[in-house]
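One structure is given below, encoded as structure tokens.
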Amino acid sequence: MAADVSGEARIACLNHKGGVGKTTCAVNLAAGLAGAGARVLAVDVDPQAHLTASLGLAVPDGRGLAAVLDGGLPAGEALVGIDGLTVLPASSALAVTEIALSRRNTPPTLLRELLAGCGGFDVVLFDCPPHLGPLTRQALGAARGVLVPMTPDYLALQSLAWLMETLGATDGPAVRGIVLNRYSDRKRLHREVGSAVAGHFPGILFQTRIRENVALAEAPSHGRDIFRYAPGSAGAKDFAALCREVAKRFGLAGRART
Ligand code: ADP
Ligand code: MG
């Protein structure tokens, strides 16, 4: 029943805008899907290492994704288990790695090849940096679908149009989901942006909206996902609903109890 990393649900959380909720989605989807019984690997592809920090992890020198991409460390030895999840963590060393990837013109299949030996996962989530540079290209090379978190404002809508066009012009994975984050039903602008996204990209926008919720902002400072930090919060409810939609859309029913 389990897929390995060559299976279907390899999802890159991607948006070239920063601060839109990529890491929040990667952490809490990973935790929620793992809590529902899926075997989840979360890969931190951002030199800011926010996914790593959000889960209360730190990477010692010579370990983490930088060491794997630099060629010294087998991916399997870089994995860390925490709270039912498996994490390939990152550190700021990844910034130097990214320069090396660019200088050597490394093919975007390197990460996929390096992860090929790490089998047994139903879901692999990649938390991307806020640009379409060499690290994001590695994540896209390893992923089979893209999930785009966005904030519900006009400029974000413009950026989304550019991102969809740019990704559509490559032979990389398709955008399989858009998530509106920091959404309020009471704000007309948010409703209008939601309608515009649904109209332009039918079937891609998730019905679940993630509301602004302070517990989601607090959880990383406690090194915990939202389900462990504040299980009764609006953030936990919204992410539980999003996990159900993601599991359905990516064919995880049966692997995640939703
Ligand atoms: P990105 O990874 O796209 O840069 P983050 O997930 O790190 O974005 O989110 C940016 C900041 O906003 C973080 O401090 C995060 O905790 C906070 N945040 C994200 N989503 C929400 C939300 N729905 N409610 C409250 N705070 C949020
Ligand atoms: Mg981030």
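Just to be sure before I move on: is G172 of a type outside the set (K, R), surrounded by 19 or more Cβ atoms within 10 Å (Cβ to Cβ) and either more than 16 Å from ligand 1 (Cβ to nearest atom) or without any contact (Cβ under 8 Å) to a residue 12 or more places away in the chain (or both) in the structure I sent? Judged against the criteria, G172 is a match.
Filtering the range 222-233 to residues that are in contact (Cβ under 8 Å) with a residue 60 or more places away in the chain and not in a helix (DSSP H, G or I) leaves G223, R224, D225. Report yes if T136 is under 24 Å from R39 (Cα atoms) and surrounded by fewer than 14 Cβ atoms within 10 Å (Cβ to Cβ), otherwise no. So T136 does not fit the description; no. Per the conditions (1) of a type in the set (S, T, Y); (2) more than 14 Å from ligand 1 (Cβ to nearest atom); (3) over 23 Å from A12 (Cα atoms), the sole criterion not satisfied by S221 is (2). In the range 206-239, the qualifying residues are those that are among the aliphatic types (A, V, I, L, M) and surrounded by fewer than 17 Cβ atoms within 10 Å (Cβ to Cβ), and the one that is nearest to the chain's Cα centre (by Cα) is A217. Kindly establish whether E165 is over 18 Å from F239 (Cβ atoms), surrounded by fewer than 17 Cβ atoms within 10 Å (Cβ to Cβ) and touching a Pro at 6+ places or on another chain (Cβ under 9 Å). No, not satisfied. Residue count for the range 148-158 under the criterion of being away from ligand 2 (no atom under 16 Å from the Cβ) and either of a type outside the set (A, V, I, L, M) or in contact with a Cys (Cβ under 9 Å, 6 or more places away or on another chain) (or both): the result is 4. Cβ-Cβ distance below 7 Å, separation of 6 or more or different chains: which pairs start in the range 111-125 with a residue that is touching a residue at least 24 places away in the same chain (Cβ under 8 Å) and at positive phi and end on one that is in a loop (DSSP other than H, G, I, E, B) and not basic (K, R)? If the second residue must be in a loop (DSSP other than H, G, I, E, B) and not basic (K, R), the pairs left are G120/A2; G120/D4. Checked against the criterion of being closer than 22 Å to L55 by Cβ, hydrophobic (A, V, I, L, M, F, W, C), part of a helix (DSSP H, G or I) and away from ligand 2 (no atom under 16 Å from the Cβ), the candidates A219, A161, A196, A236 yield just one match: A236. In this structure, A100 does not satisfy being surrounded by 24 or more Cβ atoms within 10 Å (Cβ to Cβ), over 23 Å from H222 (Cβ atoms) and over 17 Å from the mean Cα position of the chain (by Cα). The residue of the range 5-44 that is farthest from the chain's Cα centre (by Cα), among those that are within 14 Å of ligand 1 (Cβ to nearest atom) and hydroxyl-bearing (S, T, Y), is T24.
Each value in this text was obtained by applying a stated rule to the coordinates, not by laboratory testing. None of the values given here were measured: they were computed from a predicted structure. Using ideal geometry, Cβ is built from the backbone for each residue, glycine included, and neighbour counts are taken over all protein chains shown.
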